[in-house]
Amino acid sequence: MRVDWRRSTSLPFTVAILVTASLLVTDARSAIAQIRVNPTGAAINVQGATTVFLTFGGLRNQVPAEASWCGELMPATPDLGVKCDPRSLFGQLPAGLGPSRLGSAGTFSDIMSVPPSVARRAYLAAGSEPATFFYVRRFVSTTGGPDEYVAVTCRPTGGGARSPLSLTAVTITFDVETPVLHIASGEVPPRFGATLNYTGTGRLKGRWEVVRPGEPLPDTRDLLTEATLTPEERGTQRRYGELARFNVFLPPAGRVTLPGPDPEALPTSLAGTYLILLRVEASDDKEGDSNPVAAGGSGGLLHNGAVAGFPLPALRYVVGSGSSALASTLGSSVPSPLEPADDAQLASGVVEFHWVPSPRALFHRLEVVTYDDASVLEAYTPVGVARYRTPPWLAERASGRPLRWRVVALDADGDVVGRSRWRSFRFVDGQPPAS
Amino acid sequence: MFATRRAALVAVALLLAPARPAAAQEPLTVTPGFDPTSWVGRSERVELRLNRPPTDADGRLAVFIGGIDATALFEIRGEVVRKRATGIDLPAGESELTLYAVSADEQWAVLSRTPLRVRAWAGFEEATLEPHAAVNNKGQVAEGHAPESNRPARERFQDIAVNLGLRSTHRRDGWSVRSQWNILGTSNRQETLRFGELQNEAPKLDLADYLIAVDGGRFEVTLGHHTFGSNRFLLNAMPSRGVAGALRVGATRLAVAALNGTSIVGWTNPLGPTRPDHRLLTSTLGLEVVPSRPGLVQIEAMLLSGSVQPGTGFNQAAITDAERSRGAGFRLLAQDPRQRLRVEAAFARSRFVNPPNGRLGADSLLTPLPTLSRNAHHVDLTLDVLRSVRPSHAGSSRLALTLRHERIAPLYRSVALQAPRADIEQNAIELNGGVGALSAQLGLGRASDNLDDVIGILKTRTRVTNASIALPVAAAFGAGAPAWLPMVSWGLSRTHQFADGAAEGFPAHFLPDQVAVNQTLTVQMTGPVWRAGAQLNRSKQDNRQRDRAAADLVNEVVTVSVDITPKPRIDLSADAAVERAENREFDQRTTTRRIGAHGTWRPNGSTVLGSGFTRTSMTDSPRTSRMTNTELRFELSQRVASPLNRASRAQGGQVFVRYTRTVGTNASLLGPNDERRSWALQTGVTLTLF
């Protein structure tokens, strides 16, 4: 529709005609829009990242292009649908799909990962405008037709119970300060686990697996969580030797540490490089459900609990050569002092030290020093013995000075695998121990 | 490992246990089994000879080297007390080897004092240089699969991998320099350390990690991979590559560090903090306010300035942005002289911005993001209401009360932390106590978000109740109770999260009102050659908001496991699990069952035969599909001694052959059935040069 400015009787009348015409055109274009999406809206964490599984359906000779987030929409004329108002743009994703995939029967499984900076813009915009913002995906026709824009409503929240269960950051580490663990053949590795940041609440379930030397390596799709895959891909990821299953409840708290299985389950008899994989299965999460039928596709309701916009990291360890002995051990692999309590006042005489041993240690070494780091006593204890009774002359050697003690865990080669924190104590002559 | 530990236990038990009674009780006399006037090597198995085997009447024997109780490092065989062949060497320099007889009432009597001279190298008290090198060939020699779509990317392949390392320690006059380097190489690009970051540009021989630590007593310098930070709001136990130094003067400690923005591997950027747009600079000043009473009042002040680019570190994955922040924080640790009242508090202020980087489109087109300064703080207060006089006494009782408060302002963020969650205020009260071996904990917490009550952003409140009990039954019954009696623990967590009023743009059914209850019961038992465990977990998500009251989820998980070592060379384990998930809204139930069995047989010190079997099945009701996955694995490895050093376990070779078979089926009522089968034969040879 075209408007001839020169034949218009007056400017207000012309403007009215223009507005009416554009609305008519927009409605007409929208009426023939093909592509639908499910879910049409999602609760988004505005203090961090969120990932949502979206199913677009009804694609006819169309392929996905870029996607944008914005605070307001406008007609996409002359294209179809509504697109982002460029004055309220929060961010734009390039045309690369990442983990998103075209599916069968004209569907597109889109993994929408809202970066923290986009959420930050949405939060700042919320004070003066309606807080709801939008995710708009553009689809390009391969047969020369108009582009089509499809919008999803994003409702700002704190990332709690109404947000989809999505993983936004995953770190897998051993309790050792090294990116790659090197251990001797037959040695029990330190404990390991994963720290996960997430939105929503629900069950996190899956498997710990290990890739042994000589096995084909997992590819990028193998490292995605199951809920990130298209329906056709689910159940087809390559499987490796299963160490243990996990199935835990995640409260709406945003962060959890998932402990790995008993480290004695890790294979260490064979030399070579191993990979520990965190394989997360899709769980039932109402907020993350996506219905392909509602989007114009086919198939049953998709449960997408624990969707993630990235491949999960693999934890690597090397058996047989090399050493991580100098790297400090952290967490539960470190011996933990029990008694005497910190800053205890003890009577002269025999002192009995107790600690929780390190599971990696073949020996423990008790160290008692002054605050000038002068050694007063050292003592070795074998595996299975987590206490030590001192000779009676310890107080005499202390000469009234306050002392510190700690326990050092040693492996078979005498290398340190962990040190406890220091505790202090002092002798009070003639008085009973005050603990 | 089990065998090694058992041997160590037996040997030490022989030394620590009172010796056999003897008919004659002539006084014990000791003669050195080495020349006290000569120097011995650090790994020398020095020995002392007695005139007769020790008896109960002599008490237990204790061996001191200087001020070190080295009893656990020695073994007693008849009349000989000899240092065991452990990896723990004798201390370098001149000292005294003293043998004591310790009576049951802790009277220590000197039996002998012998000068001990242990050689040092080039004047070093300790000097070691240990190179490591291993070459590994591994691959898949045969493979089968069905159907054709199950064809692996590489059907048959052979890969070469190398592993190089160097470790050194030099110690002299209170100084020490320690270093550690590990380098990994592989012919398969996909296996390289940085394949995920650089793909086909990833170097095939790359630096995995390194660490150089110089300790001069009052100061320390560290280069390489380390963990930094102790402020929960700015920088907390962050692993990275960098340069750090610490200086201690009296009761004051100053630490500075320059780190890479994320944990990295590889030759590129060997120091770590060389990219100004992707590094962290931090300093911490720690002070003991009362030097004469260390630990009474400690104050730490931290400064942090950092900038990071999008991307994650090694072993990490996340949704990231370009970020920059500057922050300052304080931490206070204090307690009263009797340690009944303890306080831990922290405060931080961070000035944060997402700098332009073009990743989310032209920055000039995006709505502006201002630089914002925000605060975060927390206070934990613990009071020992009841404390036993003798903590180890079986009947003792204790009770501690803890109050917690934390507030993190909206949009608070530090570049060095994935946590904490911002825009939240939390308060909690906890009771920790116990009687004897029984321990219990009760916690009540409240939290709210959207602290600035921004219109249009959902505001929620959260109520949390936690309770747990743990009881080591054997300890409860005293010293005479059987050791196999179980450790029993139970935990309960109830979380109620609900919307605080309506929010603009939120339909009523979008306002959450959910109660989640999670319970776990665990039983663990340990015997002389076995251990067993069982766990029952149940959670229920009870949705109560409008239009969703029926959308409840119930999950139950039962797991059992048994590990047995019937012979020192045989390890067996088995486990089973049943997981049930019920979706009450759709009246759907999903059941996952798993069984697994593993076995290892070491017929001699160099041969290992291992096997494993797991089967997982998943069915649903009403029945739409049944999925099963079965994996079977056999593995045989043989270690071959080095012809140059047959005594060394570190050197030599190892060969292995492995057979794996996997079957996955998906019988679906809604679509075509699918069965995927594969088997593979994999072999490998490893040559450890040194």
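Quick rundown of the values:
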| quantity | calculated |
| --- | --- |
| Candidate set: the range B:586-619, residues that are surrounded by 15 or more Cβ atoms within 10 Å (Cβ to Cβ) and within 28 Å of B:Arg546 (Cα to Cα); chosen: the one farthest from the other protein chains (Cβ to nearest Cβ) | B:Arg589 |
| Positions within the range B:298-324 being assigned to a strand (DSSP E or B), over 15 Å from B:Leu417 (Cβ atoms) and within 12 Å of chain A (Cβ to nearest Cβ), in sequence order | B:Gln298, B:Ala317 |
| Among residues of the range A:185-210, those that are in contact with a strand residue (DSSP E or B) (Cβ under 6 Å, 6 or more places away or on another chain), of a type in the set (A, V, I, L, M) and facing chain B (nearest Cβ under 10 Å), counted | 2 |
| Meets criteria (at pLDDT 95 or above, of a type in the set (Ser, Thr, Tyr) and in contact with a Lys or Arg (Cβ under 6 Å, 6 or more places away or on another chain)) for B:Ser373 | yes |
| Test: residue in the range B:476-495 that is touching a Gly at 6+ places or on another chain (Cβ under 8 Å) and crowded, with 16+ Cβ neighbours inside 10 Å | no |
| Matching residues, the range A:72-117, being out of contact with any Leu (no Cβ under 8 Å at 6 or more places or on another chain), polar (S, T, N, Q) and either within 13 Å of chain B (Cβ to nearest Cβ) or surrounded by fewer than 17 Cβ atoms within 10 Å (Cβ to Cβ) (or both) | A:Ser88, A:Ser104, A:Ser113 |
| Among (1) closer than 25 Å to A:Leu326 by Cα; (2) part of a strand (DSSP E or B), the one test that A:Pro267 misses | (2) |
| Options A:Val170, A:Val152: the member that is more than 13 Å from chain B (Cβ to nearest Cβ) and either in a strand (DSSP E or B) or touching a Gly at 6+ places or on another chain (Cβ under 6 Å) (or both) | A:Val152 |
| Subset of the range A:173-184 that is facing another protein chain (nearest Cβ under 8 Å) and either modelled with pLDDT under 90 or part of a loop (DSSP other than H, G, I, E, B) (or both) - its residue that is farthest from A:Pro252 (Cα to Cα) | A:Ala184 |
| Residue in the range B:116-131 that is in a loop (DSSP other than H, G, I, E, B), free of Cβ contacts under 8 Å to residues at least 24 places away in the same chain, away from chain A (no Cβ under 13 Å) and within 24 Å of B:Asp173 (Cα to Cα) present | yes |
| In the range B:506-527, residue nearest to A:Pro39 (Cα to Cα) [restricted to those that are touching a residue at least 40 places away in the same chain (Cβ under 8 Å) and out of contact with any Leu (no Cβ under 9 Å at 6 or more places or on another chain)] | B:Thr526 |
| Residues (aromatic (Phe, Trp, Tyr) and in contact (Cβ under 8 Å) with a residue 40 or more places away in the chain) located in the range B:152-184 | B:Trp175 |
| Subset of the range A:313-362 that is part of a strand (DSSP E or B) and of a type in the set (Val, Ile, Thr) - its residue that is modelled with the lowest pLDDT | A:Thr329 |
| Among residues of the range B:152-182, those that are touching a Phe, Trp or Tyr at 6+ places or on another chain (Cβ under 9 Å) and under 19 Å from A:Thr273 (Cα atoms), counted | 6 |
| Failed criterion for A:Thr390 (all others in (1) touching a strand residue (DSSP E or B) at 6+ places or on another chain (Cβ under 8 Å); (2) more than 10 Å from chain B (Cβ to nearest Cβ); (3) more than 27 Å from A:Glu177 (Cα to Cα) hold) | (2) |
| Count - residues of the range B:390-423 that are in a strand (DSSP E or B) and modelled with pLDDT of 95 or more | 8 |
| Complete set of residues in the range A:58-71 that are more than 29 Å from the chain's Cα centre (by Cα) and surrounded by 19 or more Cβ atoms within 10 Å (Cβ to Cβ) | A:Gly58, A:Leu59, A:Gln62 |
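The values are calculated or read from the model by the stated rules, or taken from the named source; none is laboratory data. Predicted model, so just to flag it, every value in this text is computed and none were measured. Note that we place each Cβ from the backbone using ideal geometry, even for glycine, and neighbour counts take in every protein chain shown.
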